Each structure stands twice: as C-alpha cells, then as structure tokens.
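Chemist: I have a structure here, written as structure tokens, and I will follow up with some questions on it.
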Protein chains: 4
Amino acid sequence: MPSAKLALSPKKMPVQARSTFTVESIFTATIQVLRDVGLERLTTTRVAERAGTSVGTLYQYFPNKNALLLAVLERHLLFVVQSIENACKDARCKPIADIAATLVNAFVDAKLHDVDASVALIPVRHKLGEEMVVRYTQRVEIAICDVLMTAQDVKFGDLRTIAFILTKAALGPVQALLETGAHPVLTQAVRGHLIVMINSYLRSFMIENR
Amino acid sequence: MPSAKLALSPKKMPVQARSTFTVESIFTATIQVLRDVGLERLTTTRVAERAGTSVGTLYQYFPNKNALLLAVLERHLLFVVQSIENACKDARCKPIADIAATLVNAFVDAKLHDVDASVALIPVRHKLGEEMVVRYTQRVEIAICDVLMTAQDVKFGDLRTIAFILTKAALGPVQALLETGAHPVLTQAVRGHLIVMINSYLRSFMIENR
Amino acid sequence: MPSAKLALSPKKMPVQARSTFTVESIFTATIQVLRDVGLERLTTTRVAERAGTSVGTLYQYFPNKNALLLAVLERHLLFVVQSIENACKDARCKPIADIAATLVNAFVDAKLHDVDASVALIPVRHKLGEEMVVRYTQRVEIAICDVLMTAQDVKFGDLRTIAFILTKAALGPVQALLETGAHPVLTQAVRGHLIVMINSYLRSFMIENR
Amino acid sequence: MPSAKLALSPKKMPVQARSTFTVESIFTATIQVLRDVGLERLTTTRVAERAGTSVGTLYQYFPNKNALLLAVLERHLLFVVQSIENACKDARCKPIADIAATLVNAFVDAKLHDVDASVALIPVRHKLGEEMVVRYTQRVEIAICDVLMTAQDVKFGDLRTIAFILTKAALGPVQALLETGAHPVLTQAVRGHLIVMINSYLRSFMIENR
DNA sequence: CATGAATGAGTCTTCATTCAT
DNA sequence: GATGAATGAAGACTCATTCAT
C-alpha cells in the first residue's frame, strides 16, 4: 500500500504578483495535462511547459510531483466541501424534503461547476488522495449530521450511518455521470432521481414524527 | 519496448494442467503484490517471483503488464456480474421488496467474497479498467432492467435511468466500505440501509400499482 | 556531514560466467572513468558505456552509484590491507629493523601495484569511503601492533599510538607520491627515507632492550 | 550555465566596510554549511541564506561556486603556511632538536587553530584544491629547506626529499587526528610522537656533525 | 547595488520487455 | 518451454547561474 511521501506542502508561499500568477498557471496546466494525456503520462516537465514555465520553477513551488497533484486535488475538494457546508448552513431547520433537495443540488452543482477538473482529478484521488478524501469526507458527513439534526419535521437515529450512506450513494451516480461526460439531459435526470432517492431514504429512517 | 496497447488478450489458452497452474499462480501473485506493495510498485518481475516463476514465463501467458492486470480485473468483474445476473434470474416475478433485497445482497456478497481482491483491484480499475467496467456495468444494468420489468406488484417508466442510479448508488457505499476494511458491523448496517434505500427509491418511481 | 546511503551491498551475486565478466568490466571501467574524467564527472551511464554494457545492467549488480564506487574502493583497500597483514605475518619475531623495512616495502608495493587505481580512488575515499577506510585502517593497526609485540630485540609501550603514527606517517608521503605520478626515482628515495624514518622512530619509543 | 573553470579570482576587491562584512559573512557561512551539511549538499543559495544575503550578492563577489570554495580554502592554507614560515624564521640557526619541535608545534597549532574549518575544508581540498595545495606545499618545503640549512649543529644532503618526507609524514597523522575529532589527549600524544619522529628522522639523515 | 524568481541542462534510477542460453 | 541477464527509453528532481525588478 502506498505510504505518503513526506514534505507535501508547498515549498514557498508565493509573495509577489509574478509568483502568484506562475502558481496559478501551474494549477491550470496540471488540470489540462491531466485531461489531455492522463495521469499516467503526466510529467512535471509537461506540466511546466503547458504552464509556460520551466520544471525548475515548478519545483520552486511544489516539493515534488505528488505534492503538486495533491495541491490541485485539495483545492477542488475544498470547493466541493465548502459548497456543501454552505448548503447545510442554509438548510438548517427546514423540512426534510428541502434539506434533501438543497444537499443534492449543492453537491451536483459543485461537482459540475468545473467538469474538466472533476473528471481530471478522479485518477488523482484514487492514486494519491485516499487519505485527503477521507478527511474531507468526514467534514461533509459532520455537516450533514448537523443539518439532519435540525430538520423541522423529523428526527433520526444512527445519524453517522445515514450520513455515510447518503454521501456515498450520491457520489456514485455523480461520479459515473462525470465519467461519461455529464450530458445535460442525463444530469437533470440524475439530479431529480437523487433528490427523490435521498428524500425517501431519509423518510424511511426517521424515528419520530415531530 | 513499452508501447502498443493492443493485443491485450491472453497469448495462448492454457491447455495443459501445468499451464493452468502457472496462470493461476500468476493471478494469485498479482493480487498479493497489489495488496502488499500497491499498483504503483507492482512490477512484472515481482509478480513472477511471487508466483514462483520467471518473468519470461509470465510473458508467455500475458502479452504485457496491462494485459495481466486487466485479466485479473476481468475475472473479478465477471464473478461479480454473474452473481448479480444469477440473482436477477432468481428474483424474476417476485415482489419489488424481494427484488431489492436479493439484488443488494447479491451485490454485497459478491464484492465481499474476496475482500483482498476487491480492494487490491480498485486502483487497477481506475488506472486501466474504465472501459471494461463500463462494459460489465452495462450487462448489470440490462439484467436489472430485466428483473424490474417482471416485478410482480409494480411497473416502472424510464428503466434505464433507474437501473443506472440503482447500480451506482449501491456501488458508492460498498466501495467506501471496502476502502475502509469492510468491518462486519458496518457491513451489516450498510447492507440493511441499502436494501431500504433501494426499495424506497424504487417505490418512489413506480408508475403503476398492478 | 554526509550520512551513508542504505543498501550499499551488491544486489545480486553474479553466478554465471557472463555475469562475472560483466561485473569485472564494470570495475575496470569505473577506474578508467575515474582516471579520465574524475569523480566529479563520473556518471553511471558513462561507466556502463565504458564497460560495454548498459546502465540497466550496472544497476543489476550495484544498487546505486555510491555502492559501485565503494565496492571498487573496498576491493582496493582489501588488497592493500591483506598485503600488509601478510607482511606482518612474515615479519613476526624478526629484529625491529627488518620489521620496519618489511612493512614499508609491503605498503609501498601494495599502493604502487596499480597506480591508476590508487590515484583514481583518492577522491572516492574522501567523498564516500571515510568509514570504510577507518575500518580497514584498524585492521592494519592491529596487525602492526601484533608484529611489534613479537620484535626479537626490543619492546614497546603505548603500541596503539605508535601504530597510529606509523600508519599515517607512512601514508602521507606515499599518497603525495601517487598524486604526483609516482616517478620511479622519487619512489625509491621515498621508500628508503620511510624505512629509515620508521626504524628510527620505533627505536626512539622502545622501552626495553631485550 | 555551469561551464568554464576560468575566472576563479574574486570579481571585485571589497573596498567598503559593507563589502568586507558581506564577504566575511559568506566565508563564515561557507565553513558552517560545509560543517553542517557537507560539501556534497552545499549550494550557493544555502551559503547565501546562512550568510544573511542573497545568491545574487554572493555572485557579486565570487564568479562561481568553485571560486568561493577555493577562496575559503586559500585563506586557510595561507594561515597555515604563514604560521610555518614564521616558525621557520624563528627557528633559524637553532639546534636541530629545537627546529623539529618548533616546526611540529607550529604545524599542529595552525591546523588545530580552527578545527571546524580544518575539518570542513578536507573535502574541498580533495575535490578542487589539489593544485593550490601543491603550490602552498612548495612554499612550506622551501621554508623548511631554509631552516634546515641554518641548523646550528648538523648539515643535510638531499634537502628536497627530506623536506618532502617531513611535510607529508607530519600531515598524515594530523589529518587523521582532525578526521576523528582531534581529542585533546590524543592530540598531545601525536604532537609528542611527531616531534620525536621528525627529530630522529633528521638525525638519521644528517651528513655532517659540525 | 541587492534580490530571489526563473531557467534547463544534467544525473540518477526504474522497469517493461526481449532473447540467448 | 523456462529462465533471468541485458537493454535503454523515460521521468523525477537538483542547483549553478542569470537578470528583471
């Protein structure tokens, strides 16, 4: 089992405008290279070229290839997680149907916000990001437990399991959607079905009707 | 020379007992190496050593490394898909609740039948098996469409979408389960929740009560 | 301070005739490259080329560049140390003058036996071999302590210090000799002076005339 | 671009106090870096950082890395050589025993004056300084020939060889002493033994008792 | 003058694949 | 058929040096 390489955090904080721009280009280039040639054939040199810089510069900001990949992944996960956390905040104290819809919509929207990045990062997640994904997933589950507890109309037992199932059951179809290109029509169908599924699933496991 | 992706099917059918045994050892060794050092550090030499043969022999049966990995993946997928197909056959014409339970149980059982293999093959699937997975997934969806049409008590519209959601929504939690080691208690909980979820989901989308 | 890299012992023992030959070529090539372009510009590829093989083959027998260099150094040190140990054995129980002459001659002969190698390995010793040199130096000092104790005519106190000084005081001039090309005339002069120096040094520190 | 070996002398003479200070910091930093991480991992950037400046500034005073290292080495050699030359001046016309003691003491004192620097510069000498060392060694040998000719009590033939042996025979043990950390007790022992050795060596080669 | 971001040639090392024995 | 030594293309990463700010 792959054990994490050390020193995965950026070597140097970009302080000048030029640096910030360089780092930004590298991020973008990484997604593009991932999309165009795949993780398998992504090389640091290729990323640097695509970013319009040199390998040396890349290594000034990222201690190694994995760190770069993880940085890109983290940025994406952070966006998704924060979207969901915000949605959870908005949905507090609403009826369960609203919560289900809000959550599913936030999740689908976040994932589809940058389809390229979402798709490109799938292999990264599976090759390097397991631990990071687990960390962020926990944040999501906590946020979900939180909203569910505030649901206006119903109450749940075993919230941890419910949040687990709910998160993964939504992830599966959305991931599959992304892998096939996220056709708009299919997307809408998936969105609708997920809302219904989550909603009916939650209703099945409520323990008390307030 | 590492190059072509073609010729991915076994070079020769093992016709003799010795050959079969060799191929079998290589399969087993592949899973073990995958489990012990990860896909990243799996080398053909290492697999051969573990299998008690030489690289040369390995290449006698598999044209290249990817072919080997795909063969192992395919064997696993085939087992899972056939389990589900059989379950579908058994569940024909039953009430929807029975169908849901049968499907989920078959799926969970198949995935957990050889946890080592299931876990070990996750990265293989993501690195090489996308296309193969799609192919087998389609078989599953077809089988599911089939049973659902025969359900004793209800009838559905848009079966394709339902089969898609159903498959992926079950896959997500089970995959996550495997990645965390498939603890028996959690496994039972997931199994129960999935049955309820699938069941209530299907009920939500039936268009007619026979 | 440079800390030793791990895994410095050969990866694989050469068992076939072909392998032995290959390893031998690599040893020779290393000395030649060292002589021709210096340690600074010695690359594993260059060594392999010079040896008439490929880098890959080189790495089949040596886990990394340092291991190669150290193996070559060790072989050289072993030859020198064994020469001295043999000389010590031969000189046991002789008069002190004979011992001094035997030791100096054995040392000078061993060092000049393969001038190319001796010269080529100087930088290797200083960059990587400190520890190994210390180890072999101890063997030499022990051997010297041994002979000195058997000297027919005299007896010494503080043998450890005497052996230390003796070894290093002889090494200095011989090393310098090598660095300047070991001209035969100078060599003979150095040999003679060293014998006299060692002899008179030992006489100065004997504590008892038997 | 790493290339030419020319232009190894300082680019500019530090004329202002600030410059002198900067150069001084860089010298000190070089020794420290050498001591802490070794020549192998000494980088110009690291030296500049340690000196509290930037690489750019470093390159204002030294045309390249080697020039910097050689400058540091030269300063050290100059100190040692001048110490010996002064000792030689002081020892003129004294009896041979006094000359021997004075020389050895001057040499040991000079080398141990800054143990850190002496130790740190060993690899530099072997990687870059051969030629410079030869140059300074010649100055030492000339100075030694000079004193020996003025010895009150004895006279020598073949002074060049004697000076050569004498210098190298003293260098060997002192170098070894430094490499092992120059423990005070051992240092005193070495000092005493060297004085005796040099003295008896010289007596053995005098050709005339005045 | 000082700074430190950018450059990219140059090294080590790995490993899929072949083929002589 | 089996073996495992040989091959060498490919990729990660370093660091001396420059030069725009």
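Chemist: Cα centroids of the range D:140-210 and the range A:124-140: how far apart, whole angstrom?
Modeler: 70
Chemist: Report ³J(HN,Hα) in whole Hz for each residue of the range C:155-163, in order, from the Karplus equation J = 6.51 cos²θ - 1.76 cosθ + 1.60 where θ = phi - 60°; Gly and Pro get x.
Modeler: Calculated HN-Hα couplings, in order: 9, 10, x, 6, 4, 4, 5, 4, 5 Hz.
Chemist: How far is helix D:65-91 tilted, in degrees, relative to the longest principal axis of the Cα atoms in chain D, given as a value from 0 to 90 rounded to the nearest 10?
Modeler: On a 0 to 90 degree scale, this one is about 30.
Chemist: Now, a different point. Obtain the nm distance between the two label points defined at B:Met132 and C:Ser204 by a simple spin-label model: each point lies 7 Å from its Cα along the Cα-to-C-beta direction.
Modeler: The answer from the label model is 8.0 nm.
Chemist: Could you give the size of the charge dipole of chain A about its Cα centre, using +1 on the Cβ of each K and R and -1 on the Cβ of each D and E, expressed in debye and rounded to the nearest 20?
Modeler: 440
Chemist: Would you kindly work out, in nm and rounded to one decimal, the distances from the label point of C:Met149 to those of the same position in each other copy, ordered shortest first, with label points 7 Å along Cα-to-Cβ?
Modeler: Nearest first, the other copies' label points are 4.9, 7.9, 9.7 nm away.
Chemist: Using a cut-off of 15 Å between alpha-carbon atoms, which aspartates and glutamates can reach B:Lys65, once sequence neighbours fewer than 8 places away in the same chain are excluded?
Modeler: In chain and number order, the partners are A:Glu40, B:Glu40, B:Glu49, B:Glu74.
Chemist: Which whole-number value in Å³ per residue fits the convex hull of the alpha carbons of the range A:106-210?
Modeler: Per residue, the Cα convex hull of the range A:106-210 comes to 97 Å³.
Chemist: Rounded to the nearest 500, what is chain C's calculated 222 nm mean residue ellipticity when only DSSP H runs of at least 4 contribute -39500 (n - 2.57) each, over all residues?
Modeler: -25500 deg cm²/dmol
Chemist: While we're here: Evaluate peptide D:196-202: per residue, the Cβ atoms of other protein chains within 10 Å of its Cβ; return the mean as an integer.
Modeler: 6
Chemist: Could you tell me which residue out of C:Ala106, A:Ser204, A:Thr20 lies farthest along the dipole of the protein assembly as shown toward its positive end? Charges go on the beta carbon: Lys and Arg +1, Asp and Glu -1, centred on the Cα centre.
Modeler: A:Thr20
Chemist: Under 5 Å between amide hydrogens, which residues at least 5 positions from A:Lys155 or on another chain qualify, with H placed 1.01 Å from N in the peptide plane?
Modeler: Sorted by chain and number, the residues that satisfy this are A:Ile207, A:Glu208, A:Arg210.
Chemist: OK, next. Taking the Cα centroid of the range B:28-46 and of the range A:35-68, what is the distance between the two, rounded to the nearest whole Å?
Modeler: Cα centres, the range B:28-46 to the range A:35-68: 27 Å.
Chemist: About the Cα centre of the protein assembly as shown, how large is the charge dipole given +1 on each Lys and Arg Cβ and -1 on each Asp and Glu Cβ? Please answer in debye to the nearest 20.
Modeler: 640
Chemist: Rank B:Ile84, B:Pro63, B:Thr45 by how far each Cα sits towards the positive end of the charge dipole of the range B:38-107 (+1 on Lys, Arg Cβ; -1 on Asp, Glu Cβ) and give me just the farthest.
Modeler: B:Thr45
Chemist: Can you tell me the 0 to 90 degree angle between the C-alpha axis of helix A:17-37 and the longest principal axis of chain A, rounded to 10?
Modeler: In chain A, helix A:17-37 runs at an angle near 70 degrees to the longest axis.
Chemist: Treat every Asp and Glu Cβ in the range C:139-210 as -1 and every Lys and Arg Cβ as +1, leave all other atoms uncharged, and give the resulting dipole magnitude about the Cα centre to the nearest 20 debye.
Modeler: Here the range C:139-210 has a charge dipole of around 40 debye.
Chemist: Order by neighbour count: A:Phe107, A:Phe156, fewest other Cβ atoms within 10 Å first, most last.
Modeler: Ordered from fewest to most neighbouring Cβ atoms within 10 Å, A:Phe107, A:Phe156 come out as A:Phe156, A:Phe107.
Chemist: May I have the count of lysine pairs in the range C:75-161 with C-alpha atoms under 26 Å apart, counting pairs 8 or more residues apart or located on different chains?
Modeler: Counting lysine pairs in the range C:75-161 gives 5.
Read-outs: derived from the displayed coordinates by stated rules, not from any lab. As the structure is a prediction and not an experimental result, all values here were calculated from the model. With ideal geometry, Cβ positions are generated from the backbone for all residues, glycine too; neighbour counts draw on all protein chains shown.
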